Amino acid sequence: PELMNVGIGQDCTILEYYQTVAEVVGFRGRFVHNLAKPVGMQRKLVDVTRAAAWGWTAQTSIRQGIAQAYDYYLQQQEHQA
């Protein structure tokens, strides 16, 4: 079988990811980036050409996906308590 990347087809900065997570979880602090250290991740954008050719497109935004994952996590914590 052929491999297929799944993604939204657009790139976001690390800061955009941080800010989205902070908004979803209610974090009100600030982020400090240590630019003296290697970043490590050159690119976060996957090639979705094959998925698009098969007619697939993402139906969930990054924010929605993070919110859904966080809600699921909270529900699991409640069930374990």
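What to note about this one:
- Exclusive hit being part of a loop (DSSP other than H, G, I, E, B), under 24 Å from Val6 (Cβ atoms), among the small types (Gly, Ala, Ser) and at pLDDT 90 or above, set Gly40, Gly65, Gly29, Gly55: Gly55
- Subset tally (residues that are farther than 23 Å from Tyr73 by Cα, β-branched (Val, Ile, Thr) and surrounded by 12 or more Cβ atoms within 10 Å (Cβ to Cβ)) for the stretch 10-56: 2
- One residue alone among Gln59, Gln64 is surrounded by 12 or more Cβ atoms within 10 Å (Cβ to Cβ), of a type outside the set (Ser, Thr, Tyr) and either touching a Leu at 6+ places or on another chain (Cβ under 7 Å) or free of Cβ contacts under 8 Å to residues at least 60 places away in the same chain (or both), and that residue is Gln64.
- Residue in the stretch 43-51 that is on the phi < 0 side of the Ramachandran plot, acidic (Asp, Glu) and either without any contact (Cβ under 8 Å) to a residue 40 or more places away in the chain or in contact with a helix residue (DSSP H, G or I) (Cβ under 8 Å, 6 or more places away or on another chain) (or both) present: no
The values are calculated or read from the model by the stated rules, or taken from the named source; none is laboratory data. Quick caveat, the model's predicted, so the values are computed rather than measured. Glycine also receives a Cβ, built like all others from the backbone with ideal geometry; neighbour counts cover every protein chain displayed.
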